[in-house]
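Structure, as structure tokens:
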Amino acid sequence: MVEPPDPALRSAGHLQDGDLLVEPVLDVESLSTAIPSRPRVRQPATSPGIAYKPARYTLTGLATFYDHGTTAMRLPRGTIIRVCGAGGCVERVVTDYGPSKRGGRLIDLYRPDFFAVCGCASWEGVTRVTVYVY
């Protein structure tokens, strides 16, 4: 146990356990009626959602499915993208160069990803998507 300092080592004006601190602008009578309390800070409610960093740019067009990964005509391999459609969103990395410009498609998605984004029936083959490029 550490001993408290003896009176010779205490600084001038030190506080004792029973000392009362009073603001210089307040009088003693008003202090006895209302002792100020700690201020309360109102915090905004947190949301359970997901926060994404802003995309560098977005592309809107048609998507189809492809059984060998995610391909995109206008994006280089390794680009991180988020594809959103009527059924939801998926985040993927572009694995190869994709559909030709002649077909009017923007991106080919892996089949399970396509139906997760599409939210459409299994016989559908094309859906409108927005691609967020990071």
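Mind checking which strands (runs of 3 or more DSSP E) fall wholly inside the range 34-130 and carry at least 3 residues that are among the polar types (S, T, N, Q), modelled with pLDDT of 75 or more and over 30 Å from Leu21 (Cβ atoms)? Spell out the reasoning first.
Numbers: elements: 57-66, 80-85, 88-93, 105-110.
So the answer is 57-66.
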Taking Ala116, is it over 14 Å from Thr60 (Cβ atoms), surrounded by fewer than 15 Cβ atoms within 10 Å (Cβ to Cβ) and among the hydrophobic types (A, V, I, L, M, F, W, C)? no
Residue pairs qualifying under the 9 Å Cβ cut-off, at least six apart or on distinct chains, with the first in the range 39-60 being in contact (Cβ under 8 Å) with a residue 60 or more places away in the chain and the second being in a loop (DSSP other than H, G, I, E, B), are Tyr52/Tyr134; Lys53/Tyr134; Ala55/Tyr134; Arg56/Tyr134; Leu59/Arg74; Leu59/Leu75
Of residues in the range 75-90 being in contact with a strand residue (DSSP E or B) (Cβ under 7 Å, 6 or more places away or on another chain) and closer than 15 Å to Tyr57 by Cα, the one surrounded by the most Cβ atoms within 10 Å (Cβ to Cβ): Val83
Among (1) at pLDDT 90 or above; (2) touching a strand residue (DSSP E or B) at 6+ places or on another chain (Cβ under 6 Å); (3) surrounded by fewer than 15 Cβ atoms within 10 Å (Cβ to Cβ), which single condition is Tyr134 missing? (1)
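The values are calculated or read from the model by the stated rules, or taken from the named source; none is laboratory data. Model, not experiment: these values are computed from the prediction. Note: ideal-geometry Cβ built from the backbone for every residue, glycine included; neighbour counts use all protein chains shown.
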